1. Find all pairs meeting these conditions: Cβ atoms under 9 angstrom apart; at least six residues apart or on different chains; first residue within region 351-370 and free of Cβ contacts under 8 Å to residues at least 60 places away in the same chain and in a loop (DSSP other than H, G, I, E, B); second residue exposed (fewer than 15 other Cβ atoms within 10 Å of the Cβ) and acidic (Asp, Glu).
2. Do you know which residues across region 121-141 are at pLDDT 90 or above and basic (Lys, Arg)?
3. Within region 105-112, is there a residue that is within 21 Å of the chain's Cα centre (by Cα), surrounded by 15 or more Cβ atoms within 10 Å (Cβ to Cβ) and under 29 Å from residue 225 (Cβ atoms)?
4. Here are some residues: 175, 228. Which one is free of Cβ contacts under 8 Å to residues at least 24 places away in the same chain and touching a Ser or Thr at 6+ places or on another chain (Cβ under 7 Å)?
5. Among what's in region 350-370 and is over 21 Å from the mean Cα position of the chain (by Cα) and surrounded by fewer than 17 Cβ atoms within 10 Å (Cβ to Cβ), pick the residue that is modelled with the lowest pLDDT.
6. Does residue 281 satisfy being modelled with pLDDT of 95 or more, within 20 Å of the chain's Cα centre (by Cα), assigned to a loop (DSSP other than H, G, I, E, B) and not acidic (Asp, Glu)?
7. Take the residues of region 16-51 that are aliphatic (A, V, I, L, M) and closer than 18 Å to residue 312 by Cα: which is surrounded by the fewest Cβ atoms within 10 Å (Cβ to Cβ)?
Amino acid sequence: MESQQLLNPFPWYRRMRESDPVYYDEQEHSWNVFRYQDVQRVLADYQTFSSQLTEGGDQPLDTSIINLDPPRQRLLRMVIAPAFTTQAIARLAPRISRIVQELLDQVSAQGGMDVIDDLARPLPVMVIAELLGIPVEERERFKQWAYRLVFEGGPAPAELYESFSHLVEDHRRRPRDDVISLLLAGRIEGKPLAHEELLGFCVLLMVAGSITTTLLIGNAFLCFDEYPEALEQLYADRSLLPSAIEEVLRYRSPVRHMYRVCASGTTLGGRRIEAGEFIVAWIGSANRDEAVFRDGESFRINRLPNRHLAFGYGVHRCPGAPLARLEARIALAAMLERFAAIRLVHDGLLEPLGGILHGVNHVPVTFQSV
């Protein structure tokens, strides 16, 4: 796909919703689903559309909740749930605010910054590192590994699993008040989590806990560039930030699509899908479906209701969604407070991300410090 289509796939989405909403790609040997109702069903109906794309696997991520179905997936999710309650997330706000201010202090005198490199990429990694209990002196290494895995498309380096393994064993000896100790204390049917499941959780939290927030903050400025009046509205009324964040999630969904495999033959959108066939559920298209979102091709920061699928749907809905929203709200509020006349530098945009991700590697902006 051309890089411009990666950055602006929306006309293609619309054509597919209108002309071929459940389409079989002969080259990729997969079904592609574009309308909201069908995408929602694929994401929700785990008995028909399974997340377990392969049998077994030799990597810890293969046993993580993102690649499992209930009942095991639901039981694993319950183990981690206490770390992502409303109260637990709210307690993180002061620390997130301090991190944001420290990051902005480093660029405030420059008159410009790269929103991705200087804020949106380090912020969530630092927050997740603290949640996991990664020692301060080791966080830079973990950050680089996470960047490689998420933004460079490489496999998880063996050093990442090895370091998490050592960290888990250290937590066994000296439990703390963090997520790794929570996982170690968790029991499913009276049994502790397997070591591979523990590692899978750690890597998933490090990766999934950073990528959505990074792209959400970066994509917000792509939206504001396209709709500058939205940014002016936010300067005038910060109470619009929560609904603006939801609209960024809908209009430029950080996750373009998700994969499933058909577990039992079914009909979707009038097309017959057989057991064993792969499905691509296009979240980015579903979130612009005008059957659900009036004027869905426009960015409106006061859109209500906003039932987007950016964080998934059903049993696989992202448990870290409240944390991503909080980080984005604090980061954007701080930028609006400290910087005036924020403008995107168009000639500095690099290649858009590919694969399942929607966003760009860099978002250079200029501003005037207040």
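The values are calculated or read from the model by the stated rules, or taken from the named source; none is laboratory data. Quantities reported herein were computed from a predicted structural model and do not represent experimental measurements. Glycine gets a Cβ as well: all are built from the backbone with ideal geometry, and neighbour counts include every protein chain shown.
1. Final answer for the pair search is 370/337.
2. Across region 121-141, the qualifying residue is only 121.
3. Checking region 105-112: not a single residue is within 21 Å of the chain's Cα centre (by Cα), surrounded by 15 or more Cβ atoms within 10 Å (Cβ to Cβ) and under 29 Å from residue 225 (Cβ atoms).
4. Residue meeting the stated conditions: 175.
5. Taking the candidates together, the pick is 370.
6. Numbers: modelled with pLDDT of 95 or more: yes; within 20 Å of the chain's Cα centre (by Cα): yes; assigned to a loop (DSSP other than H, G, I, E, B): no; not acidic (Asp, Glu): yes.
Here the answer is no, as residue 281 does not meet what is asked.
7. Per the criteria, the residue is 44.
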